[in-house]
Amino acid sequence: MSLQSEIKRITAPDLRARKGGEPIVSLTSYHAHTAGLLDRFCDMILVGDSLGMVMHGLPSTVPVTLDMMILQGLAVMRGSSRALVTVDMPFGSYEESPQQAFRSAARIIKETGCGAVKLEGGVLMAETVAFLTRRGIPVIGHIGMTPQSINTFGSFRARGRDEADWPEIEADARAIAGAGASAIVIEAVAEPLAAKITADIDVPTIGIGASNACDGQVLVLEDMLGLSPWVPKFVKRYADLGPAIASAVEAYADEVRSRAFPAKEHTYPKKQAKS
């Protein structure tokens with residue numbers, strides 16, 4: 001038996017059981033090779049619809065399709081063996097009805113083998129979350145600043161900075177938790193509100209631009225590695241790989257043009273004739 005086959009993947013129930021315990025570590029990935037690098041460190045790898053902006057240069061996540069999410073979800077599953085892989089449900093694949101959401105989520109689960117799906121929305125999506133979870137599909141919720149609603153919000157802005165807005169966001173959290181979500185991502189929400197929600201609901205919260213009082217954190221990998229030209233205020237850059245990559249490519253281009261590369265050690269000699 002291979003070592004990989006002996007490794008037990010983290011499941012959605014495992015994640016839910018982490019409420020109030022050791023913080024949950026999560027990052028995004030869209031590729032087999034980055035998934036392999038993250039797998040030993042992350043409890044959850046999120047195949048985010050942010051791939052539309054990160055990989056494809058789209059202005060928002062709205063144009064991302066179900067086929068795109070499944071393709072990259074497959075890649076991440078191939079590259080990982082330990083972390084819970086959660087795949088985003090893209091805009092237009094679940095909002096119409098719980099039945100539409102089930103068809104989309106079932107396709108994601110069946111075709112990728114991932115352990116959970118994530119969808120955006122609060123009170124309005126509670127019926128859908130309950131419908132999915134009762135039918136065996138683990139769901140991660142997403143409230144606060146929901147990028148798929150960019151055309152309604154008008155900008156990627158933080159929510160809950162005005163205390164008058166708190167009851168609506170708190171109601172969203174309670175509704176999704178009560179509907180059976182395994183965890184809830186809280187994005188770009190004022191710190192005291194995120195801390196209050198985390199204390200008030202019985203499922204883990206995973207912050208992105210929320211409070212370190214959340215039960216875990218998630219970031220877009222390319223943002224925290226310095227590969228994105230612009231990042232939100234809530235991102236800490238743990239590396240600055242963009243300039244390093246540009247420098248490496250510049251050196252490669254210089255050596256190709258000067259014929260310094262490939263050198264002798266990078267080429268294959270002719271076989272010597274047998275005597």
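Considering only the range 77-90, state which residues are among the hydrophobic types (A, V, I, L, M, F, W, C) and part of a loop (DSSP other than H, G, I, E, B). Break it down into steps so the answer makes sense when it comes.
Within the range 77-90, the subset among the hydrophobic types (A, V, I, L, M, F, W, C) is 77, 83-85, 87, 89.
If the condition is that a residue be among the hydrophobic types (A, V, I, L, M, F, W, C) and part of a loop (DSSP other than H, G, I, E, B), then Ala83, Met89 are the ones that fit.
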Fill in the blank from the handout: Ser211 passes all but one of the listed conditions (1) open to solvent by 10 Å² or more (accessible area, probe 1.4 Å); (2) at pLDDT below 95; (3) not hydrophobic (A, V, I, L, M, F, W, C); the exception is number (1)
Completion exercise
Selection over the range 215-269 where residues are open to solvent by 90 Å² or more (accessible area, probe 1.4 Å) and either under 16 Å from the mean Cα position of the chain (by Cα) or over 25 Å from Gly52 (Cβ atoms) (or both) yields a count of 9
Exercise for the section: Could you please let me know if Ala83 is within 16 Å of the chain's Cα centre (by Cα), at pLDDT 95 or above and not acidic (Asp, Glu)? Expected result: yes
Problem - the range 8-31 residues that are within 16 Å of Thr133 (Cα to Cα) and of a type outside the set (Ser, Thr, Tyr), paired with ones that are open to solvent by less than 60 Å² (accessible area, probe 1.4 Å) and not in a loop (DSSP other than H, G, I, E, B) (beta carbon under 7 Å, 6 or more apart) - result: Ala12/Leu84; Ala12/Ala116; Leu15/Ile24; Leu15/Met44; Leu15/Leu84; Leu15/Ala183; Arg16/Ala183
Completion exercise
Leu124 passes all but one of the listed conditions (1) modelled with pLDDT under 95; (2) within 21 Å of Ala173 (Cβ to Cβ); the exception is number (1)
Handout entry: Filter result (of a type in the set (Asp, Glu) and either in a helix (DSSP H, G or I) or touching a helix residue (DSSP H, G or I) at 6+ places or on another chain (Cβ under 7 Å) (or both)) within the range 91-127
Key = Glu111, Glu120, Glu127
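The values are calculated or read from the model by the stated rules, or taken from the named source; none is laboratory data. Here the structure is a predicted model, which is why all the values come from computation and not from measurement. Cβ coordinates were reconstructed from backbone atoms using ideal geometry, including for glycine residues, and neighbour counts include every protein chain displayed. Remember, those area values only see protein heavy atoms, side chains included, never the ligands or the DNA or RNA. Shrake-Rupley method; radii C 1.70, N 1.55, O 1.52, S 1.80 Å.
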